[in-house]
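Each reported figure results from applying straightforward, stated rules to the coordinates on display, with no laboratory input. Just so it is clear, the model here is predicted, and its values are computed rather than measured. Neighbour counts run over all protein chains shown; Cβ positions are idealised from the backbone, glycine included.
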Amino acid sequence: MNIGICGLGTVGSGTFNVLTRNTALIDARAGANIRIAQVAARRINPACDTAEVPMTTDIFAVVNNPDVDVVVELIGGTTVARDLVLEAIRNGKHVVTANKALIALHGNEIFEAARQKSVMVAFEAAVAGGIPIIKTLREGLGANRIEWLAGIINGTSNFILTAMEEQGSAFADALSEAQALGYAEADPTFDIEGIDAAHKLVILASLAFGIPLQFDKVYTQGITNLDLQDLAYARELGYRIKHLGIARETEKGVEVRVHPTLIPDNSLIAEVDGVMNAVMVKGDAVGPTLFYGAGAGAEPTASAVVADIIDVARALNSAPETRVPYLAFSNASFNGTPIIAIEEVETAYYLRMSALDRPGVLSKLASIMSDRGISIEAIIQKRPLPGEDHVRLIMLTNTALERDLVAAVEAIEALDAIAGPVVRIRVEALDK
Ligand code: HSE
C-alpha cells in the first residue's frame with residue numbers, strides 16, 4: 001500500500017520518522033507493505049531523512065499521483081485541507097487525517113463524498129493525540145450504549161490551569177510556555193477559548209451517539225475568565241477545576257458542552273495535569289473507563305496517524321461507512337437524536353459572589369434558590385480581601401436546570417447587598 005504524506009511539520013515529521021523506524025513491525029501488523037510513495041512539504045524538515053523519498057512542494061501532486069493509495073493529510077487548516085481531502089476522495093484515494101477542525105466543520109461533507117467513492121477517511125489523530133479514543137469508541141466499546149463521556153482534550157488549557165494552580169503562574173506566562181513547547185494551536189485562542197476542545201468533542205459525540213457532526217450546537221466556554229481564587233476555593237470544597245468536554249445522552253437529547261468544571265478531587269481524571277489528556281467513557285455494559293496519554297506532540301500524534309494507516313490497510317475490504325456510525329445506521333430514531341440547548345442541561349453549580357456582611361443576606365439568597373427549586377449543597381463565607389468591605393460567599397448547589405440557575409443568578413445579582421457579577425462554574429460528579 002503506497003501512501004503520500006502532505007505536510008512535514010510537527011505531526012508530518014513524526015509520522016515519517018515512526019513509519020521509517022518501525023517499518024518491519026508496522027508491515028507485519030498491517031499485513032501489507034506500507035511504502036511512502038511521495039511527500040509534499042514547503043521545505044525539507046531537518047528532523048527527517050527524506051533523501052530516498054520522492055519529494056514535492058505541491059500537495060496536490062500527491063492527491064493526483066496514480067501510485068498513491070492513501071493520502072495522509074497533515075497540513076492543518078480547513079480551506080486548502082478541505083479541497084485536498086475532497087480531491088483525494090474524488091480520485092478514489094483513502095484519507096488519513098489528524099485535522100480535528102476539518103472533521104468537525106466539514107466531516108459530514110467529507111464522509112458523504114467518501115461513501116460515494118467507497119473510500120475510507122480515518123481520523124484517530126484528530127482527538128486527544130496519542131490516545132486511541134476513536135478506535136475505543138468504534139471498536140473496543142462497540143458493544144455498549146455510551147451513557148456519557150468527559151475529557152480533558154486540550155493540553156494547552158490543562159497545562160495553563162495546572163501551572164496557575166500549582167505554581168501560581170500568571171495566565172499569560174503559562175500560555176507562552178505552552179506555545180514555546182509546541183502544544184498550542186497556531187492561533188492560541190482556539191486552545192484557551194475552548195474551540196479546539198469543541199472540535200474534538202463534536203467528533204467524539206458523533207461517534208458515541210451516532211449523530212452527524214454539529215459544531216455550531218456545541219456550548220463552548222474557555223478558561224480565559226477563570227480566577228485563581230476559584231481554583232483555591234474549589235480545592236477547599238474537595239474539588240479541582242478542569243477544562244472538560246462533556247457529551248451525555250439524556251431523555252431530551254444529547255448534551256455536548258465544553259467549559260471549566262469542578263470535579264471531585266478524588267476522581268482519577270482530577271489527577272491529570274500538565275499537557276496530558278484523558279477521556280472518561282461510561283458505557284452501559286463496561287461501566288466507567290478512563291483513557292490517558294499525550295494529547296499533542298510529534299510522535300504521540302504520529303502514533304495515532306500510523307495506527308490509522310495500518311487500520312486502512314487491514315480494512316480495505318470492509319465497508320467505509322463503518323467508520324461513521326450515523327452513515328451506517330439509517331434508523332431514523334438513532335439519527336434524529338437532537339443536541340440539546342445549554343438552557344435545558346441539568347448540572348450542579350459553584351457560585352462565588354461579593355456580599356455586604358449584614359443580617360438577612362443569606363436568607364435572601366436561600367429564598368431565591370428555593371423559589372426556583374434549587375437546593376444548596378454547601379456554602380462558605382470568607383473575610384473581605386484587604387481594602388474591600390464585602391465578604392465573599394462561595395456556594396455549591398445540587399443539580400438544577402441551567403435555565404433556573406441563570407434566573408436565580410440574575411435575581412442574586414439584582415440584590416443591593418451583592419456587588420458585581422456572580423462567578424459561575426459548573427460541577428460534575430462523574431460518578432454515574
Ligand atoms: N493545541 C492542542 C492542545 C494540540 O493543546 O491540545 C493537540 O490537538
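Taking θ = phi - 60°, what integer Hz values does the Karplus form 6.51 cos²θ - 1.76 cosθ + 1.60 yield along region 117-131, in sequence order, with x for Gly and Pro?
9, 6, 10, 9, 10, 10, 9, 3, 6, 6, 10, 6, x, x, 6
For PRO132, what is the net charge nearby, where nearby means another residue's Cβ is under 13 Å from its Cβ and Lys, Arg count +1, Asp, Glu -1?
Residues close to PRO132 contribute a combined charge of -2.
Could you please report the charge total around GLU344, scoring K, R as +1 and D, E as -1 over all other residues with beta-carbon less than 13 angstrom from its beta-carbon?
-1
Roughly speaking, what is the centre-to-centre gap between region 65-102 and region 224-301 when only Cα atoms are used, to the nearest Å?
Rounded to whole Å, the Cα centres lie 31 Å apart.
Reported to two decimal places, what Rg/Rh ratio describes region 1-130 when computed on Cα atoms with Rh from the Kirkwood expression?
Computed over Cα atoms, the ratio is 0.94.
Would you mind checking LYS252/LYS364; LYS217/LYS242; LYS217/LYS252 for any pair whose Cα atoms are more than 26 angstrom apart?
Where the Cα-Cα span goes over 26 Å, the pairs concerned are LYS252/LYS364.
Could you please report the charge total around VAL18, scoring K, R as +1 and D, E as -1 over all other residues with beta-carbon less than 14 angstrom from its beta-carbon?
Net of charged neighbours comes to -3.
What number in nm² do you get for region 342-427 if you take the convex hull of its Cα atoms and divide its surface by four?
5.2
Between helix 361-371 and the chain, what is the angle of the helix's C-alpha long axis to the longest principal axis, kept within 0 to 90° and rounded to the nearest 10?
Taking Cα atoms only, the helix is inclined about 60 degrees.
Can you list residues whose amide H is under 5 Å from ASP265's amide H, if they're 5+ apart or on another chain and H is modeled 1.01 Å from N?
Under 5 Å from the amide H of ASP265: TYR239, ARG240.
If you count the DSSP beta bridges with both ends in the chain, what percent of them are antiparallel, to the nearest 5?
On the way: 51 of 73 bridges.
In the chain, DSSP labels about 70 percent of beta bridges as antiparallel.
Scaled to the compact-protein estimate 2.2 N^0.38 Å, what is the alpha-carbon radius of gyration of the chain, rounded to two decimal places?
1.08
How about region 353-432: which GluC sites (Glu not before Pro) there are in a DSSP loop, with at most 14 other Cβ atoms within 10 Å of their Cβ?
Here the GluC sites (Glu not before Pro) that fit, given the DSSP loop and packing criteria, are GLU388.
Only Lys, Arg, Asp and Glu count, each charged at its Cβ (+1, +1, -1, -1), so figure out the dipole size of the chain about its Cα centre, rounded to 20 debye.
Numbers: 36 positive and 53 negative charges, 148 e Å.
It works out to roughly 720 debye.
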